[in-house]
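The values are calculated or read from the model by the stated rules, or taken from the named source; none is laboratory data. Keep in mind the model is a prediction, meaning the values are calculated, not measured. Here the Cβ positions follow ideal geometry from the backbone for every residue, glycine too, while neighbour counts run over all protein chains shown. We work out accessible area using only protein heavy atoms, side chains counted, and drop any ligands, DNA or RNA first. Shrake-Rupley method; radii C 1.70, N 1.55, O 1.52, S 1.80 Å.
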Amino acid sequence: MGLLSETPSRRAAIRRNRPDKQSALFAELKSEGVLVSIIIGALFWIAATTILMMRQDVVSYRPGQTVEHDILARVNFVYRDKDLLTKAQADAREMTPRVYKSNGDVVGQLGAELLGLPERVAGDSIGQLPKDLKDVLDSGALTALQQARTGPDKVAYEADVKNYIQQLRDAKLVLLPEEDRDIDIKSNRKVNVVGVGEIRAADTYAAPAQDDLAAKISRFVEVFGKKNLWPKIIAITTNQLKPTHVLDEVATADARNDAGDNVPRSAGEVLYKRNMPVVQRGTIDQRDWQMLRAENLAFIASISGSAWKSRLGIAGTCLLITLVLAGYVAHFQPRVVKNHARAICISALLLSMLLMSQLAGIGSAPIFLFGIAPTILAAMVLTIAYDQRFTIGIASMQGMLVTVGLNQGIGFFMILWVGVLVSCFLLSDLRTRSRLIEVGGVVAMAVMATTVAVGALNLDPLPFIGSNALYAGAGGLGAGFVVLGILPFIEKAFRITTSMTLLELADASQPLLRRLALEAPGTYNHSLQVAALSESAAEAIGANSLLCRVAAYYHDIGKINKADYFIENQTTGDNRHINLSPSVSLLIIIGHVKD
C-alpha cells in the first residue's frame, strides 16, 4: 500500500523533471511572442537608462527664474566666461600697435624740390612767384636763390642742400598722417613703423608738419651759408614734406588678429571658491545659468567616486518602471505581446519623448515647455491608438521617468499628470480634427492652473509663476497641434483607424460606395438598413457605434461583381439561379465574401 501511495507523486516529479519540459516551455514562450517582447523590454530599459544618465547635466534653475537668496558654490570651480575672454581678446587687438609702411623716399623728393628751387624762381619777382612760394619767400631770400643758379653760389647751395637732406635722413624722422597720428595718441598706444620698430605715437611727427617738427629741424638748416634762407628752408620743408609712413590696413589687421588669437584661454577664467556666491539674489540670466552649469559639473566631478551609486540608482529606477510598464501592457493590452511592431512603436514613442524632455533639461530651454509637452503628446497619441485606461497608466509612468530625468519634484509631476489625465479623458472619441485643438486648449488651461497652484505652494515669485504657467500652457496647446499634423502617421504606425478616417469612409461620395449604389442598388439600401440597426445595437451595449455603421456600409461590397445573382438586386423578378446547379449557386453566393 505504501508503494502504491507514493506512485502518483513520483510520477508527477518525473514529469516535472523530464529533460524536454524546459524546451517545451521555451517553445511555448517563443510561439506566444513573449521572448521577443522580453528583448524589446530589455532594450527599452537600456535606452531609458542611457537617456536618464544625462540627468546629472541638468541644472535645477532656469534663465528667467527668480531666486530669493544668493546661490553659493558647493565646491571650488573655474568658470570659463566667454564674454570675459572675448573682451580680453578685443582689448588685446585694440592695444596692438597699428602698422605703418614706408611712403617712399619723401626726404629725397624734398631734396629734389630744394635743388630745383633756384631755377623755379629764376626771373620772377615777388608778385610773380607761385602760390606755394609767395607767402614763404621775401625779396632777400628770392635774390639769394636767384644767385644760386650759377657760379660758386650754385655749387655752395647744392652742397648745402645735400648736407641738409643727409641730416634729415640721419635723424630718421617719422612723419605720419595727422589724423592717424591723433587716433594713436588718443588711444595711448604705440605704433609699429616698418624699418624703425615700435615707438610711441607721441615720438612721431604729423604731416602736414606742425611747430614741433619746425623746432626739430631748426638746427639742421644751419648748414646753409646764407642765414636769411634758414627760416625759408624750414617753412618749405614743413610745407612740402609728405608723411614718411602711411597706415598699412592689411598688416594692422593681421597683427591684431594674431594678438587676439594669442590671448590665453585663462584670461576668461574666473575662480570661485566654495561657499562664494555664484548667483546673486534676483533674476537668473543666461550668464548666471552658465555659471550654475559649470558649478554643477564641478560638483559632479568632485563626487566621481560615488558616481556609480547614482548610475546604479538610475538603472534600478528604470528597471522597476520598465517592469511595471511591461506588466501593465501585458495585462491591459495582451495583443501587444504578440504584435511586436506595436510594442516597438510604443517603445519608440516613449523613448523619443523622454529624450526630447531630457535634452530640454540639459539646455537652457524653458523646462515647463519642452519638459511637459512631450509627455502630453505621448498621452494623446496612445489615447488615439488604444484606450483611456491603458494610456493613463503608461503616460503616468512616462511622467515619472521625465520627472526623474529632469531632477524635478512632486509638483512638476502633478503638472504632468494633470495634463495626461485631461488629454486622456477628453480624447475618448475623436470625430473631428478641430477636436484635437479643443482638447489642446483645455489641457493648456488645466496645466496652467496646476502650475499656478504648485508655484504658490512652493512660494515662488509671481513673475516666475506666470512665465511657467504660460510655458506649460503653450506645451499643452502645442501638443494638440502636433498630434493634428502627425495623425496620419500615427494611424499607419499603430495600424489603427481613427473615427475621423471612419467618417471619411462613411461619405456617400466614396468611389466604392458610389459603385455599390449604381451597380447594386438593392444591396446598397440593404447596407444602409443594416448600418442603422448595427449602430443602434452598438450604442445600446456601449460598443463603437461609428465603426459598426461604417463596417455595415461595406460588408456586402463584394456583391458588386455579380449583383444580379442576389435577390435584393433582381428588380425585374428574374432569378439567375434557376438554370444553375445548387453547388454553383452556393459558390456564387458565398463568393461575394472573398470578393
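Side notes on the structure shown:
- Scanning segment 311-336 for residues that are part of a helix (DSSP H, G or I), modelled with pLDDT under 90 and open to solvent by less than 30 Å² (accessible area, probe 1.4 Å) yields a total of 2.
- If only residues of segment 74-99 that are open to solvent by less than 40 Å² (accessible area, probe 1.4 Å) and under 24 Å from ALA360 (Cα atoms) are counted, the one that is farthest from the chain's Cα centre (by Cα) is TYR79.
- Every residue from segment 415-437 that is under 24 Å from SER60 (Cβ atoms) and over 28 Å from the mean Cα position of the chain (by Cα): VAL418
- Counting only residues that are open to solvent by 40 Å² or more (accessible area, probe 1.4 Å) and part of a helix (DSSP H, G or I), segment 178-192 holds 6 of them.
- Checked against (1) at pLDDT below 85; (2) outside any loop (DSSP other than H, G, I, E, B); (3) within 28 Å of ILE321 (Cα to Cα); (4) open to solvent by 60 Å² or more (accessible area, probe 1.4 Å), ARG11 passes all but condition (3).
- Answer residue from segment 90-110, given it is among the small types (Gly, Ala, Ser) and not in a helix (DSSP H, G or I) and is farthest from ILE183 (Cα to Cα) among those: GLY104
- Given (1) within 24 Å of the chain's Cα centre (by Cα); (2) farther than 30 Å from ASN544 by Cβ, number of the condition GLY478 does not satisfy: (2)
- Residues that are over 60 Å from the mean Cα position of the chain (by Cα), on the phi < 0 side of the Ramachandran plot and free of Cβ contacts under 8 Å to residues at least 24 places away in the same chain do not occur anywhere in segment 196-204.
- Exclusive hit being under 29 Å from ILE346 (Cβ atoms) and at pLDDT below 90, set THR403, THR497, THR450: THR497
- Number of positions in segment 243-301 that are over 28 Å from the mean Cα position of the chain (by Cα) and among the charged types (D, E, K, R): 8
- Among the residues examined, VAL270 qualifies as outside any helix (DSSP H, G or I), at pLDDT below 85 and open to solvent by less than 50 Å² (accessible area, probe 1.4 Å).
- Residue pairs whose Cβ atoms lie under 8 Å apart, sitting 6 or more positions apart in sequence or on different chains, and linking a residue in segment 526-555 that is on the phi < 0 side of the Ramachandran plot and β-branched (Val, Ile, Thr) to a partner that is open to solvent by less than 50 Å² (accessible area, probe 1.4 Å) and not in a loop (DSSP other than H, G, I, E, B), are VAL530/ALA552; VAL550/LEU502; VAL550/ALA531.
- Which numbered condition GLU491 fails, given (1) open to solvent by 40 Å² or more (accessible area, probe 1.4 Å); (2) under 30 Å from VAL337 (Cβ atoms): (1)
- So SER23, is it in a helix (DSSP H, G or I), polar (S, T, N, Q) and modelled with pLDDT of 85 or more: no
- Total residues in segment 368-393 satisfying the condition of being under 18 Å from ILE51 (Cα atoms) and open to solvent by less than 30 Å² (accessible area, probe 1.4 Å): the figure is 6.
- Screening GLY411, GLY476, GLY485 for residues that are surrounded by fewer than 21 Cβ atoms within 10 Å (Cβ to Cβ), under 24 Å from GLN65 (Cβ atoms) and either touching a His at 6+ places or on another chain (Cβ under 8 Å) or among the small types (Gly, Ala, Ser) (or both) leaves exactly one candidate, GLY411.
- Within segment 227-251, being open to solvent by less than 60 Å² (accessible area, probe 1.4 Å), part of a helix (DSSP H, G or I) and touching a residue at least 60 places away in the same chain (Cβ under 8 Å) holds for LEU229, LYS232, ILE233, ALA235, ILE236, THR237, ALA251.
- Qualifying residues in segment 537-563 (those that are more than 53 Å from the chain's Cα centre (by Cα) and part of a helix (DSSP H, G or I)) - the one farthest from LEU430 (Cα to Cα): ALA563
- For segment 273-301, a residue qualifies if it is open to solvent by less than 30 Å² (accessible area, probe 1.4 Å), in contact with a Ser or Thr (Cβ under 9 Å, 6 or more places away or on another chain) and outside any helix (DSSP H, G or I), and the qualifying residues are GLY282, ILE284.
- Per-region count, segment 557-568, residues more than 17 Å from LEU512 (Cα to Cα) and either of a type in the set (A, V, I, L, M) or open to solvent by less than 40 Å² (accessible area, probe 1.4 Å) (or both): 2
- Counting only residues that are under 28 Å from ILE185 (Cα atoms) and either basic (Lys, Arg) or at pLDDT 90 or above (or both), segment 70-87 holds 1 of them.
- In segment 203-219 there is at least one residue that is of a type in the set (A, V, I, L, M, F, W, C), assigned to a helix (DSSP H, G or I), crowded, with 18+ Cβ neighbours inside 10 Å and in contact with a Phe, Trp or Tyr (Cβ under 8 Å, 6 or more places away or on another chain).
- Taken together, the residues in segment 519-548 that are in contact with a Leu (Cβ under 8 Å, 6 or more places away or on another chain) and under 16 Å from ALA508 (Cα atoms) amount to 5.
- In segment 419-445, residue modelled with the lowest pLDDT [restricted to those that are open to solvent by 40 Å² or more (accessible area, probe 1.4 Å) and in a helix (DSSP H, G or I)]: SER434
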